[in-house]
Each structure stands twice: as structure tokens, then as C-alpha cells.
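Engineer: Below is one structure. I have some questions about it.
Derivation of every value follows stated rules applied to the coordinates shown; laboratory data play no part. From a predicted model like this one, the values you see are computed outputs, not experimental measurements. Please note: Cβ atoms are built from the backbone with ideal geometry, for glycine as well, and neighbour counts cover all protein chains shown.
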Amino acid sequence: MAGRDAAGVALICASGRLAGVRVGAFSGMGPPYRQSPMCQNLLAQEQRLWYIQVSHYARLNTSDVPMPIALIVHGGAGIIRDELIAGHLAGCNTALAAGWAVLEQGGSALDACEAAVRVLEDDPVFNAGTGSVLNAVGTIELDAAIMDGSTLAYGAVGAVQRVRNPITLARHILNGPATMLVSSGAEAFATTQGMPLCANADLIVERARARWERWRAKHALREVGTVTEEASLPEPTTSAAHDTVGAVALDRSGNLAAANSTGGTPFKLPGRVGDTPLIGCGLYADNTVGACAATGWGEAIIRMALARRAVEFMERGVSPHMAARRAVALLMRRVTKGNGGCILLNTQGQVGLAWNTARMAYAYRVEGSEAVAGV
């Protein structure tokens, strides 16, 4: 082989090996190149390297080598008044304990996320499930989603009014024939899964009702002829506590999951759905990189696809901590009213969290360390 051709083959083969191209990547090359001693030697080296990599990966993913477990939960980014801090911290710690118990017993990341979020949905302190904010007509509409990082399977619900734990309904949908169901269709599906429906009034707490009454008195409905018209219906303030709740977990099998649940923004238009149940926006999980759950002003988060953006930063080799900070900084820089936060885990169980609002309630634990909580 001519020197120029030999050098060319060496460069092609070496660059393929360094780029991680698998054995057989050069099968499209002509026989003279493929059969050259130089190329055969490099291919043999690549085959040995690939075998080592695959064997190492297989060992890491056997039951003989359990992965570390990790869990982080959030109780929403926004304004959390001083008198409500204790309740938010207690709720996040209780949710963390529920999810951690699942992981410690060998349960899946999906099970842990669902367990943690159910606790937050049942706690009237948070804007999810019982205790959610009311929309413009005085009813509660709930959104939730859950995602499996091992399969990229995803289940979500939007604008449901009679489901006490929408995260569990989202879990059923993840295992079903659809990825998202909304409103009455989602509720009908819930009954087929043995989930009891509740009255919307059962989800309303006095604090939320009183807040809505004050808002209605200020922005009263007026009659124009025979048509009821909303007078000066405002956009809900972006500085108010959003209290979307969420969780991200890593189980012993190395599987990641993320989950979110919310009552949405106060006094929202009926039927409004925010970022929470939207894949890539409110949540994302991928076993090869990491997982994220977002919280904040939904319309801004949707425009940025915040959860997927944060995971992409980790994909580039950025730590979860820096990925969270960069994602939130980008949200604030690129989108008007870009208020929010996010929680992250990577494949090693490293934690990341950031927010640009006044506060964000959170709690997390990584195997081998004590639980941490804050606002």
C-alpha cells in the first residue's frame, strides 16, 4: 500500500476507535483497506477495548453490584411566607422518608417517586392534590406526570377535577395505551383502573377558598346583557408560591425516574395546563444521563423545555449542580417572567438543585449520608 494510502487508513481507523465506533464500523471500506495489517491491528485493539467496556458495563448492572440509591423532592418554587416554612419543610421531609423507605427495600425509582409525590398531594400545605389553588371559576384542576428513565415511558394527566392522587393515575397511564389523558377522559380511565373518584369540593381547603373569595371580590364577574363576562381577569402573579411538587429517584438497579404534580396557577383559566405534565418541560428522565423535575411559572418553563435542557447540560459532562444553575439562569435570561427552579440527579446519584425565586422547598438524601432539607 502506498504511504499516503496507509496513512489515510491509519487515520480513519484510529479516529473510529477513539470515537468509540464499534467493531465492524469499517465493513464498508474496500477489501485492500480492510485487510491491511495496520487496519486489522487497530480493529483487533478496538475489539479488545469494546469487550472490556461491555464486560465492565455488564458487571456494573448485575444484582451482585448494587447501585447507590438517591432521592430528592421539591415542594415548589416561589414565595413561601415565613409562617409556612415549617410546614413546607415537614412535608418535604415526610415525602422524602416515604420514598426512601421504598428505595431501601429494593423498590423501583418509579415506586419511590410515586410514593413521595402522593404524600405531598395529600398534604394541604402544598398546591397539589388536596389543598390546591382554585381556578377562575372556583374549582380545582390537577396535572401530574411520571417518567421512567430506563424505557423513556411516560404517563401524564391534565385538568382532572375528581382524582385525589393524580400521580397514581399518571402511573397507570404510563403502563397503558396512551401517554397523556385529560379532563373527563382521564377520570373515566381512572375508574377502569379501580381508582375511586372524589367530589371536587373534597379537594378544596378553607385557605384556598378564602384566597379565591378575596380575588373574586376584587375582580368580580359582571353581567353584560345575558352574557357573563370576566371583568379584568388578570394573569396570576408570577411571584406567588407555585408549590408544584415533584421527585427524582435513583434505585439500586441504576434506574432513574421523575414525577411532578400540581394544582397549577391561582385563578387560571379553566382548562389551562402548564409545564408539569409535559415531557421535557416539567420533567425528564434518561438512565444514560440523569433526571430532572421542574417547578415555577409554567408558560416560561414550557418555552424553554427546562427539564430536557437541564438534562442536556449533564449530557455534556456538566455536574448536576451546575446543570441546574445553568438551566435556571437560561430560563431567567431568555424568557419574560422566567421564574422557577429544578431538582436533578445524575446516574451516580449526585444531586443538583437551583431556583431564582424567593424560596424553593426541598429535601434530599443520598445513600451513605444524612437527609438534607431547606427552602
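Engineer: Ranking request for peptides 104-113, 332-341: highest mean number of other beta-carbon atoms within 10 Å first, then the rest in descending order. Spell out each step's value before the answer.
Structural biologist: On the way: 104-113: 21.5, 332-341: 18.6.
My ranking of the peptides, most packed first, is 104-113, 332-341.
Engineer: Which peptide among 362-375, 316-329, 245-258, 157-170 comes first, and what is the full order, when sorted by highest mean count of other Cβ atoms within 10 Å?
Structural biologist: Details: 362-375: 17.1, 316-329: 19.2, 245-258: 28.9, 157-170: 25.4.
Taking the mean over residues of other Cβ atoms within 10 Å, the ranking is 245-258, 157-170, 316-329, 362-375.
Engineer: For the peptides 275-283, 172-180, 296-304, what is the packing order when you average, over each peptide's residues, the other Cβ atoms within 10 Å and list the highest mean first? Mind dumping the intermediate values first?
Structural biologist: On the way: 275-283: 27.7, 172-180: 16.1, 296-304: 23.3.
Those peptides, ordered most packed to least, come out 275-283, 296-304, 172-180.
Engineer: If you take the square roots of the eigenvalues of the alpha-carbon gyration tensor of segment 137-196 and sort them as a ≥ b ≥ c, do you get rounded (a/c under 1.5), prolate (a/b over b/c) or oblate? Walk me through the numbers before you get to the answer.
Structural biologist: Working: a/c = 2.26, a/b = 1.63, b/c = 1.38.
In terms of gyration-tensor shape, prolate.
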